[in-house]
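For reference, the structure discussed in these notes is given below.
Bear in mind these aren't lab numbers, they're just calculated from the coordinates by the rules spelled out. Values in this document were obtained by computation on a predicted structure and should not be read as measured data. Counting neighbours? That spans all protein chains shown, and the Cβs are built from the backbone with ideal geometry, glycine included.
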Amino acid sequence: MRRTERVFVENLGIHGFHGLIAEEQRLGQKFYADIECLVARDEAPSDTMKDAVDYGKVCDLAHSISASGPFNLIETLAERIGHGVMETFPLVSTVRVRIRKPNAPIRHFLDHVGVEIELSRD
């Protein structure tokens, strides 16, 4: 029987210096990330970390990638995190990364703007 596990991190707070405006890159701002990892298996995993995706390490990876910036676009941040997850966790068959930017420098009232990307192994 084929099974799919969904390992996820929601609302991970990240401080970063990303954006097109000079003040965004100088002052920094907060971003929120949702990272969803799908693992497809033919059987249940063992009860050990070698058969699991460590969500603590997923969080560490996202923070590390954000700190390696700045990036002009949050699309770039999402893409780098997605590729980092796929490279670091060979069990992951698909990763979805959503980056939310609550303080976008636009003149409209809103909760946040953001992007979402999905990467899959061929």
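If the condition is being crowded, with 19+ Cβ neighbours inside 10 Å and aliphatic (A, V, I, L, M), then the stretch 40-89 contributes Val53, Val58, Leu61, Ala62, Ile65, Ile74, Leu77, Ala78, Ile81, Val85.
Can you find a residue that is without any contact (Cβ under 8 Å) to a residue 40 or more places away in the chain, surrounded by fewer than 19 Cβ atoms within 10 Å (Cβ to Cβ) and either out of contact with any Leu (no Cβ under 6 Å at 6 or more places or on another chain) or part of a strand (DSSP E or B) (or both) anywhere in the stretch 30-38? There is no residue in the stretch 30-38 that is without any contact (Cβ under 8 Å) to a residue 40 or more places away in the chain, surrounded by fewer than 19 Cβ atoms within 10 Å (Cβ to Cβ) and either out of contact with any Leu (no Cβ under 6 Å at 6 or more places or on another chain) or part of a strand (DSSP E or B) (or both). Note on the stretch 64-75: residues that are free of Cβ contacts under 8 Å to residues at least 40 places away in the same chain and touching a His at 6+ places or on another chain (Cβ under 8 Å) amount to 0.
Taking the conditions (1) assigned to a strand (DSSP E or B); (2) surrounded by 14 or more Cβ atoms within 10 Å (Cβ to Cβ); (3) within 11 Å of the chain's Cα centre (by Cα) in turn, Glu10 satisfies each one other than (2).
Considering the conditions (1) free of Cβ contacts under 8 Å to residues at least 24 places away in the same chain; (2) assigned to a helix (DSSP H, G or I), Ile81 is excluded by exactly one of them, (1).
Residues in the stretch 41-63 that are free of Cβ contacts under 8 Å to residues at least 12 places away in the same chain and closer than 27 Å to Asn103 by Cα: Gly56, Asp60.
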